[in-house]
Amino acid sequence: MTANDILIVEDEILIAHTIQRYLEVKGYNVVGIAISYEEAVKLFSLHSPDLILIDIRLSGSKTGIDFAQFLSVQAEIPPFIFLTSQLDSTSLSAAKETFPLGYLSKPIQKSSLYTTIEIALHNSKAKTSEEALTVSLSDGQKNYLVPINDILYMEVDHIYVKVTLVLNKQLVCRITLRELLDKINNNQFVQTHRSFAVNIKRVSNWDVQHLFIEENRIPVSRSRKKEVLSMLIAQK
């Protein structure tokens with residue numbers, strides 16, 4: 001098993017080195033120690049760690065909460081755990097808003113460190129697995145996190161793609177059909193025609209030229225018939 005990479009963001013060097021020793025004994029790989037917001041950003045960008053331990057109070061004008069807010073806008077948000085001493089209510093409220101996967105109170109106890117990290121990594125993997133079953137769609141005004149199993153089919157409409165969901169809900173997205181299929185990246189979807197793609201698991205029946213999903217009839221082009229039929233047989 002590959003060791004998880006962990007970044008330590010802590011401005012008290014003795015504490016940081018103690019945590020590093022604890023982690024390395026357990027088989028984790030510490031990619032670096034940052035004492036400030038700027039160093040933390042640099043090391044994060046360089047190593048893309050699997051988990052980050054963040055002291056809320058850092059050297060410099062910016063805090064660990066500022067760094068957590070930086071992480072929250074990344075394309076892939078790593079799990080992180082706050083290292084805390086006693087916090088005032090304002091700092092605690094700000095920390096909560098960044099949605100850490102855990103808190104560790106100082107002085108850091110070895111057993112608590114191991115347990116909190118293990119739970120955080122487990123929950124992060126579970127969340128990633130759950131998010132893999134959804135896709136983010138935008139109608140130009142709002143963003144929606146849509147379960148892929150709720151998508152029935154997609155239809156090209158000029159420069160848009162009309163996405164039909166369960167209960168005949170629809171989203172109109174300014175994206176190409178190919179881009180949308182790449183974004184969903186799930187093999188239960190197949191393009192049946194230059195203007196249509198379907199969720200193969202939602203097909204109820206078919207004939208030589210069409211697929212039927214609920215009350216909707218989806219055309220199947222001659223060039224795509226063999227691929228579509230093989231997927232239908234595999235699913236059924």
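What follows draws every value from the coordinates through simple rules; no lab data is involved. For clarity, every value in this text was computed on a predicted model and none was experimentally measured. Please note: Cβ atoms are built from the backbone with ideal geometry, for glycine as well, and neighbour counts cover all protein chains shown.
Testing the spin-label approximation: label points 7 Å from Cα along Cα→Cβ at L229 and L167. State their distance in nm.
It works out to 3.8 nm between the two label points.
Which of the helices in the chain, when you take each full DSSP H run, stretch at least 27 Å along the axis at their Cα atoms and have an average Kyte-Doolittle score of -1.0 or higher?
What comes out of the filter, once short or polar helices are dropped, is 110-131.
Say R0 is 22 Å: what FRET efficiency, to the nearest 0.05, do E214 and S136 get from their beta-carbon distance?
Working from the Cβ atoms, E equals 0.35.
Using the alpha-carbon centroid of each, what span in Å lies between the range 159-197 and the range 1-63?
With the range 159-197 and the range 1-63 each reduced to a Cα centre, they are spaced 41 Å.
Divide by every residue of the chain the summed helix terms, -39500 (n - 2.57) for each DSSP H run of at least 4, and state the resulting mean residue ellipticity at 222 nm, rounded to the nearest 500 deg cm²/dmol.
-10500 deg cm²/dmol
Taking the number of other C-beta atoms within 10 Å as the exposure measure, put I15, I233 in order starting with the fewest.
I233, I15
How far apart, in nm, are the 7 Å Cα→Cβ label points at T115 and S36?
3.7
Assigning unit charges at the beta carbon (Lys, Arg +1; Asp, Glu -1) and nothing else, what dipole magnitude in debye, to the nearest 20, does the chain show about its Cα centre?
Here the chain has a charge dipole of around 1040 debye.
What size of dipole, in debye to the nearest 20, comes out for the range 5-131 about its Cα centre when the only charges are +1 on Lys and Arg C-beta atoms and -1 on Asp and Glu C-beta atoms?
That gives the range 5-131 a dipole magnitude of about 280 debye.
Report, to two decimal places, the Cα Rg of the range 28-110 normalised by 2.2 N^0.38 Å (N = number of residues).
1.03
Please identify, among A197, A94, A16, the residue showing maximal mean-square fluctuation in a Gaussian network model of the chain using a 10 angstrom Cα cutoff.
Of A197, A94, A16, the Gaussian network model singles out A94 as fluctuating most.
Could you tell me which residue out of V41, L14, N185 lies farthest along the dipole of the chain toward its positive end? Charges go on the beta carbon: Lys and Arg +1, Asp and Glu -1, centred on the Cα centre.
Value: N185.
Express in nm, to one decimal, how much length is gained between L92 and R222 on full extension, taking 0.36 nm for each residue of separation and deducting their alpha carbon distance.
40.7 nm
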